[in-house]
Amino acid sequence: MALIPGLSYWLFLTDFKVKELFMKKIIYFNCLAFAFTYISLFYQKYILIDRIVVDRLGKVEVIGGGFPLQFLVDGEISPGGSIGIDPLSLIVGLDQFIFLYFILDYLFWLVCLLVCYLFLRKIKVKS
């Protein structure tokens with residue numbers, strides 16, 4: 001009995017082609033989840049965040065991008081009411097990038113893809 005389910009199956013696979021196919025699927029799903037996370041930036045809505053407003057902390061309504069969590073928020077120094085979707089503006093840092101929400105969005109899309117894959121695989125096996 002293995003301590004981690006599936007680990008013994010992975011370790012005792014003798015066919016290299018099966019391991020290679022499994023690794024390709026993992027890479028494929030991760031790339032698709034990353035692409036869906038990036039595309040989710042086109043879903044934009046106004047959210048309330050804490051910012052310094054005249055010497056005190058206050059709630060400010062700004063635009064944020066991402067689904068289901070807004071991981072890119074309009075920054076304090078960027079032009080008002082816009083977020084930069086292109087990768088260069090993410091690197092420059094005009095907008096506020098929330099790494100934890102990005103990871104949670106990525107995991108959300110990865111789980112959605114895996115559920116869809118398993119559902120379609122189940123339908124394919126039945127027919």
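Some observations on this one:
- No other residue among Lys24, Lys45 is more than 22 Å from Leu100 (Cα to Cα), outside any loop (DSSP other than H, G, I, E, B) and either at pLDDT below 90 or open to solvent by 30 Å² or more (accessible area, probe 1.4 Å) (or both) apart from Lys24.
- Segment 85-103 - residue that is under 17 Å from the mean Cα position of the chain (by Cα) and assigned to a loop (DSSP other than H, G, I, E, B) and, of those, modelled with the highest pLDDT: Ile98
- The residue that is modelled with the highest pLDDT, among those in segment 48-61 that are open to solvent by 60 Å² or more (accessible area, probe 1.4 Å) and part of a loop (DSSP other than H, G, I, E, B), is Arg56.
- Scanning segment 91-127 for residues that are over 16 Å from Thr37 (Cα atoms) and touching a helix residue (DSSP H, G or I) at 6+ places or on another chain (Cβ under 8 Å) turns up Asp95, Tyr117.
- Applying the set (1) surrounded by 11 or more Cβ atoms within 10 Å (Cβ to Cβ); (2) at pLDDT 85 or above to Arg121 leaves exactly one unmet item: (1).
- Scanning segment 62-114 for residues that are under 16 Å from Ser40 (Cβ atoms), charged (D, E, K, R) and open to solvent by less than 40 Å² (accessible area, probe 1.4 Å) gives Asp95, Asp105.
The values are calculated or read from the model by the stated rules, or taken from the named source; none is laboratory data. Computed from a prediction, not measured in an experiment: that's the story for all the values here. Counting neighbours? That spans all protein chains shown, and the Cβs are built from the backbone with ideal geometry, glycine included. Accessible surface is based on the protein model in full, side chains and every heavy atom, while ligands, DNA and RNA are left aside. Shrake-Rupley method; radii C 1.70, N 1.55, O 1.52, S 1.80 Å.
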